[in-house]
Structures are given as structure tokens and as C-alpha cells.
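The values are calculated or read from the model by the stated rules, or taken from the named source; none is laboratory data. Here the structure is a predicted model, which means the values were calculated and not measured. All Cβ positions, glycine included, derive from the backbone under ideal geometry; neighbour counts span all protein chains shown. What goes into the accessible areas is simple: the full protein's heavy atoms, side chains included, and nothing from ligands, DNA or RNA. Shrake-Rupley method; radii C 1.70, N 1.55, O 1.52, S 1.80 Å.
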Amino acid sequence: MAKINRPLLTDCDRMARTDRLMRLMDVLRRAPAPVTAAKLAAETDVSLRQLYRDIATLRAGGALIDGEAGVGYRLTEDSALPPQSFSRLEIEALLLAVGELRQMGDPALEEAGRNALARIVATLPERQSQQALHAVLRSFRSAPVRPDERTPPAGHLSLIRQCCWDEASLNISYTDLQGASTSREVLPLGISYSDNNLMLLAFCQMRQDYRTFHISRITALSRGNASFRPQRVPLLRAYVEERRARRGQAASGVNIAVVGSPE
């Protein structure tokens, strides 16, 4: 019998296939069931024939997917996620918290919350998943409408978050509240969300002190070359301790500067 030579999969091929299957699982978790094959194929950017093969691959891997071509598919058990159980009030709290994310003015954060919630609900027992569908606590508040001067430029939040996670410095061009422009390198520690502004807490290399920056006033930024790993947590602890100490001094009537004051 003649031997059939099949092309070997490269590492890139395997990664692309794994990524495609993960995206397919994501759609099955978050989209209202049943999900048509056409929608699944469009979401994962594959042909219908490839979609049917991917569904078969996921089923072979242990995912319980009900449905068929022409009807739609429903993820009934997700083998990639462990079973979970929540009280009804805990389920309501999760739904309400994710609904409130629209108040942050950060669309990427809001989408991440919805996707995470869909993964959680996908692991719940049938009775609890029905409770999630019929939750009574809902947030209907609209997203805050900030003036243009208080809206961060597109992409700024994403880079700031990444540098916080990576503990990498940021080079920023900044216009302060008095209109003065400066360029500086900062060590980003965290993002603060409020109704009116989004703020960056950082250790400013130029001032050698903690500062909070209005993200909407950062006119340009790029990833710096300095790494402060693993100093983010110690820097935050020192910041909190310094604030506590200064609050204690203020309560005693001592005139002090505010730690991390906005620029």
C-alpha cells in the first residue's frame, strides 16, 4: 500500500489553529444560543466547511456542544473551565458589576468584563445559568459623556495598562492644568477611574516623587526602555504608607504637600 505523505504542521500553523479554536470557544460562550454556523464562521473568519471541522475538533477534545448544521450550536459543558457554583445573590452581583463597567469610559475594559462573565456563566449548572438569564438587578445608567478635553486619546489606555502589567517605564508628553508642556519618563503604577477623569498614578523620574496625571492631558506617549520589575508593588506600598503618614500630619494641623498631587 502506498504511503500517503501529509504536510507537517509548523509551529505557526499549530498556533494559528489553537488561536482559532479558542476564538470559537469564546463565541460559543458569549453569544446567545443557539449560534448559527454562519455566525460562528464569520466570527472566526473561516469557511463553513472549516467551521464544521473545528466543531468536531472541540467535541473530540471534550467540549459538549449541542446542535448541528442548519439549526445552530449551544455550548452545554465547557471542558476548559472547571465547574463553579454561586449563590443567586453572587450571580446578581457579578452581572451588576459588569453592567457598571460602562461607567468607566473604557470600552476595552467593558468588553473584557462581558467576555469574562460569559465564561463564568458557561460553567454554571443549568439552574444557576437560568438565574443569570433572569437576573433582577440591572444597571441601566448610560456611559458618562465627558467633554472632549477629558477623553483620553485612542490607544493611550491600552499602552498604559500594558506598561503597568509589564512594569515598564513610559515616556510621556504632558500638558498640565496651567497649560505648561513637559516631556518626562514615569514609572506607571495604576489607573484611577472617576466620573469626570481618568488618572494615571506614577512615580515621576523628573520629580523623583509620586504624581497623578490626567490621562486626557497626555498628548503623546511611548514605551520606555527602563524596567522597574519587581518594584511596582513596593512602590505602591510606599505610596500608601506615605499618604497615611501625611494624612496623620494633616489631622494634627501640620501644613504639608499632597502626595501624588495632580500636575
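Structure notes:
- Number of residues in region 175-193 that are farther than 23 Å from residue 239 by Cα and in contact with a helix residue (DSSP H, G or I) (Cβ under 7 Å, 6 or more places away or on another chain): the value is 1.
- Here region 176-227 is the region considered, the condition is being farther than 26 Å from residue 103 by Cβ and of a type in the set (A, V, I, L, M, F, W, C), and the residue that is surrounded by the most Cβ atoms within 10 Å (Cβ to Cβ) is 186.
- Residue 234 vs. criteria assigned to a loop (DSSP other than H, G, I, E, B) and open to solvent by 40 Å² or more (accessible area, probe 1.4 Å): no
- If the condition is being surrounded by fewer than 15 Cβ atoms within 10 Å (Cβ to Cβ) and more than 10 Å from the chain's Cα centre (by Cα), then region 97-115 contributes 97, 100.
- Condition check for residue 85 on (1) outside any loop (DSSP other than H, G, I, E, B); (2) over 30 Å from residue 156 (Cβ atoms): one failure, at (1).
- Residues located in region 75-88, provided they are in contact with a strand residue (DSSP E or B) (Cβ under 6 Å, 6 or more places away or on another chain) and either at pLDDT 85 or above or hydrophobic (A, V, I, L, M, F, W, C) (or both): 75
- Filter pass, residue 91 being modelled with pLDDT of 85 or more, in contact with a strand residue (DSSP E or B) (Cβ under 7 Å, 6 or more places away or on another chain) and β-branched (Val, Ile, Thr): no
- Residue within region 98-105 that is at pLDDT 90 or above and within 19 Å of residue 128 (Cβ to Cβ) present: yes
- Region 123-162, residues that are at pLDDT below 80, under 19 Å from the mean Cα position of the chain (by Cα) and of a type in the set (A, V, I, L, M): 143, 154
- Residue 171 meets all of the listed conditions (1) crowded, with 19+ Cβ neighbours inside 10 Å; (2) in a strand (DSSP E or B) but one, namely (1).
- Within region 22-71, the residues that satisfy the criterion of being in a helix (DSSP H, G or I) and open to solvent by 70 Å² or more (accessible area, probe 1.4 Å) are 22, 23, 30, 39, 42, 43, 48, 49, 52, 53, 59, 60.
- Qualifying positions in region 212-245 - modelled with pLDDT under 90 and farther than 24 Å from residue 198 by Cα: 229, 230, 245
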